[in-house]
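Colleague: The structure under discussion is supplied below as structure tokens; questions concerning it will follow.
The values are calculated or read from the model by the stated rules, or taken from the named source; none is laboratory data. Given the structure is predicted, the values throughout are model-derived calculations rather than measurements. Glycine also receives a Cβ, built like all others from the backbone with ideal geometry; neighbour counts cover every protein chain displayed. All accessible areas refer to the heavy atoms of the entire protein, side chains included, with ligands and DNA or RNA removed. Shrake-Rupley method; radii C 1.70, N 1.55, O 1.52, S 1.80 Å.
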Protein chains: 2
Amino acid sequence: MRILNCILFSACMLIAGAGAQTANAASANPPIAIVIHGGAGTISPKDMTPALEAEYRSTLRQALTSGYAVLKRGGTSLDAVQAAIEVMEDSPLFNAGRGSVFTHDGKNEMDAAIMDGSNLKAGGVADVQHIKNPIALARLVMEKTPHVLLVADGAEQFAVSQGMPLMPAGYFYTQKRWDELQRALKKEGNKTTALEEQYPGTSAHGFGTVGAVALDRYGNIAAGTSTGGLTNKLDGRVGDSPLTGDGTYANNATCGASGTGTGEYFMRLNLTKDVSDLMQYKGWPLKKAVDYEINDKLVKFGGKNSGGLIALDHNGNIATAFNTTGMYRGWIDSRGRVVVKIFKGE
Amino acid sequence: MRILNCILFSACMLIAGAGAQTANAASANPPIAIVIHGGAGTISPKDMTPALEAEYRSTLRQALTSGYAVLKRGGTSLDAVQAAIEVMEDSPLFNAGRGSVFTHDGKNEMDAAIMDGSNLKAGGVADVQHIKNPIALARLVMEKTPHVLLVADGAEQFAVSQGMPLMPAGYFYTQKRWDELQRALKKEGNKTTALEEQYPGTSAHGFGTVGAVALDRYGNIAAGTSTGGLTNKLDGRVGDSPLTGDGTYANNATCGASGTGTGEYFMRLNLTKDVSDLMQYKGWPLKKAVDYEINDKLVKFGGKNSGGLIALDHNGNIATAFNTTGMYRGWIDSRGRVVVKIFKGE
């Protein structure tokens, strides 16, 4: 499919080269675009120093431009998504890779997935503790195994078999995330099993799941998500990020999407698959489906102040939505415009 | 919601008691029904001794009647699903609990999930190695944690915290499954990453995932699935069974469903969520959606001879489909008729 698209695209370029450039602009320059997020949560300007805000904006921009550079030079959306996410995994600012939050028992257990919209192939890993870039391992699961999801020790054994080094636990440690766990543990005297009470929004529990969705010049959409999950989660808890149709989804026929927030809601609603099905089965445009999902369905389901979503379709239309006070986000659209935002209403 | 339904039902019974029994038969006797499967695969009468066939039929019947007894005495669909599945997990005939297949490294790694259609709550476990009844642990994840999915050591730690004993690995061992692994390992000289080649249907790789879907007199649908996965799978591989919208789904508004087969296809298609969305967003009846999914969409996706599905809706309509030569299956419908089948065309 990708090879065929390549050939078609090359033929298109030849025709465009021979004819009038302007008339063939659309086919000669099929849209490319990328959208990313670095997590949704209670984020307000007053909690942020100017220096920290600048650091977030600069890292988001760096992730965007890394992904976009891949698309610009004719690379695939899969490579673009991976490049953008690795920048955020390597930064201690976000809850993914280095800087991941801690489980109840003080471990970093990370989840990630990547999906190829051209063939619905997907790879995911969950509950990995020593992988520098979980998104890269998810990619290997997709490309080098017949499976879609590997977890825990088995996933790390597979990483080693692919020549990927295991990092010491200390690599992932940040004081900020450790302190978040200590605060959560202190609060725990008042234990409850109600999700709404235990994870009231993502404010006190660490946020910063990262994700990217890209459209390449071959018309292929890819999406990826990477996360440390929820602060103080039970050991072994897997969220929505590594699961196709929940936190991560890509389908050329509809859209690519990546979610962030209290993953349990996304899993129970199969939220990204739902966006795709509203487009495919009800003919909704991307923006309507994304807005409905986050600001209506999720809220009515109890998920007020619980998360956000980024998405794009095969025309390069971009949609973002969140029902929290902020979401680290940015995009480079089909016209090449670069946008980075953090707060609501910005 | 369940309490409200209980009250409404009791009120209904009182009214029915006071009025004409026949006129109120529908409301006085809301439909109850249960459908189960014990795996789809290459099953033909010639591979089966009469004694083995009788044993399968008898165990399926026992699972059905265990679940139906719960419904009959006014129990919930969740309890019915769990009861039916535990019978099959405890039997060495099926690839779930005792009798689970072996991973590449010779381990039994089991997955299970249960979902409540009245509120979309769900619980799942994956990659557990010492749990007698993974479906019971999935139920505890749903009811006693704020999470939806726990895997590996964390899931077993949670089991222990709930007073569930860990079984020695030997409990799950069966000679038949061990021999299946040895045959698969022998074949492996010719390694390939193509799913279609590595898992050509489920014939040589063990089948027997079990599942149940039930409708109780309160109008609530529940679904559950339990499995040992694929013979010779990589350690840590998680399939579709423990994932909401993939191998297991329940939603009172549409249907409950449980899948069996090569899970990777079900995960990439979010197959059970797709059935539900075709019903909800396109108005398709249950049978049309189930048939389309297994005999059209899945086949076109490369999943010829790869699996099957059982489902029921809130009226108690039952649908089953499989694109293999057989599926262990059975149901007790809203009229109380008991049916058990194994082969195609039976």
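Colleague: Arranged from highest to lowest average of other beta-carbon atoms within 10 Å per residue, in what order do the peptides A:54-66, A:241-253, A:274-286 appear? Please list the in-between numbers first.
Modeller: Working: A:54-66: 18.8, A:241-253: 30.5, A:274-286: 20.4.
By packing density, highest mean first, the sequence is A:241-253, A:274-286, A:54-66.
Colleague: Kindly compute the accessible surface that chains A and B hide from a 1.4 Å probe when together, both sides summed, and give it to the nearest 100 Å².
Modeller: Buried: approximately 3800 Å² between B and A.
Colleague: Additional query: Using a label point 7 angstrom from Cα along Cα-to-C-beta, what distances in nm, from shortest up, separate residue A:74 from the other copies?
Modeller: 7.4
Colleague: Hey, another quick one. Angle check, please: helix B:271-282 long axis (alpha carbons) against the longest principal axis of chain B (alpha carbons), in degrees 0 to 90, nearest 10.
Modeller: With rounding to tens, the tilt is 40 degrees.
Colleague: What angle, in degrees between 0 and 90 and rounded to the nearest 10, separates the Cα long axis of helix A:2-18 from the longest principal axis of the Cα atoms of chain A?
Modeller: Helix A:2-18 and the main axis of chain A meet at about 50 degrees.
Colleague: Can you tally the net charge around residue A:35? Count Lys and Arg as +1, Asp and Glu as -1, for every other residue whose Cβ sits under 10 Å from the Cβ of residue A:35.
Modeller: Cβ neighbours under 10 Å give a net charge of 0.
Colleague: Right, another one. In Å, what is the Rg of the alpha-carbon atoms in chain A, and how long is Dmax?
Modeller: That works out to 19.4, 73 Å for Rg and Dmax.
Colleague: Report, please, the projected area of segment B:239-325 averaged over directions, based on the convex hull of its C-alpha atoms, in nm². Don't skip to the answer; put the middle values down first.
Modeller: Details: hull surface 19.1 nm².
For the Cα atoms of segment B:239-325, the hull's average projected area reads 4.8 nm².
Colleague: Moving to a separate point now. Structure shown: which of A:132/A:341; A:233/A:297; A:186/B:132; A:121/B:288; A:107/B:132; A:144/A:341 lie over 29 Å apart, alpha-carbon to alpha-carbon?
Modeller: In this structure, A:186/B:132; A:144/A:341 exceed 29 Å between Cα atoms.
Colleague: Report, for residue B:302, each distance to the same residue's label point in the other copies, shortest first and in nm; define the point 7 Å along Cα→Cβ.
Modeller: 3.8
Colleague: With a cut-off of 12 Å, note down the residues of segment A:42-59 whose backbone N falls inside the zone around a label point 7 Å from the Cα of residue A:335 toward its beta carbon.
Modeller: The answer is none, because no backbone nitrogen lies closer than 12 Å to the label point.
Colleague: Take peptide B:260-267, look around each residue's Cβ out to 10 angstrom, count Cβ atoms belonging to other protein chains, and average those counts.
Modeller: Mean partner-chain Cβ count within 10 Å for B:260-267: 3.
Colleague: Taking each label point as 7 Å beyond Cα in the direction of the beta carbon, state the distances from residue B:106 to the same residue in the other copies, shortest first, in nm.
Modeller: Ordered by distance, the counterparts are at 3.6 nm.
Colleague: Let me ask something additional. Per-residue mean of other chain beta-carbon atoms within 10 angstrom of the beta-carbon, peptide B:268-275?
Modeller: Going residue by residue through B:268-275 and averaging, the value is 5.
Colleague: Could I ask something else about it? How large is the helix-only mean residue ellipticity at 222 nm for chain B, computed as the sum of -39500 (n - 2.57) over DSSP H runs with n ≥ 4, divided by its residue count, in deg cm²/dmol to the nearest 500?
Modeller: Value at 222 nm, helices only: -10500 deg cm²/dmol.
Colleague: Provide the three semi-axes, in whole Å and in decreasing order, of the ellipsoid equivalent to the protein assembly as shown as defined by the square roots of 5 times the Cα gyration tensor eigenvalues.
Modeller: Semi-axis lengths for the protein assembly as shown are 40, 28, 26 Å.
Colleague: Here is a follow-up. Rounded to whole Å, give me the distance from the Cα center of segment B:219-263 to that of segment A:28-66.
Modeller: First find each Cα centre; the distance between them is then 37 Å.
Colleague: Averaged across the residues of B:278-290, what count of C-beta atoms belonging to other chains lies within 10 Å of each residue's C-beta?
Modeller: Average per residue, whole number: 2.
Colleague: Can you send over the carbon and sulfur percentage of the accessible area for segment B:32-343, probe radius 1.4 Å, protein chains only? Please report the intermediate quantities before stating the final value.
Modeller: Numbers: 5000 of 9750 Å².
Carbon and sulfur: 51 percent of the exposed surface of segment B:32-343.
Colleague: On a 0 to 90 degree scale, rounded to 10, what angle separates helix A:175-187 from the longest Cα axis of chain A?
Modeller: Rounded to the nearest ten degrees, it is 50.
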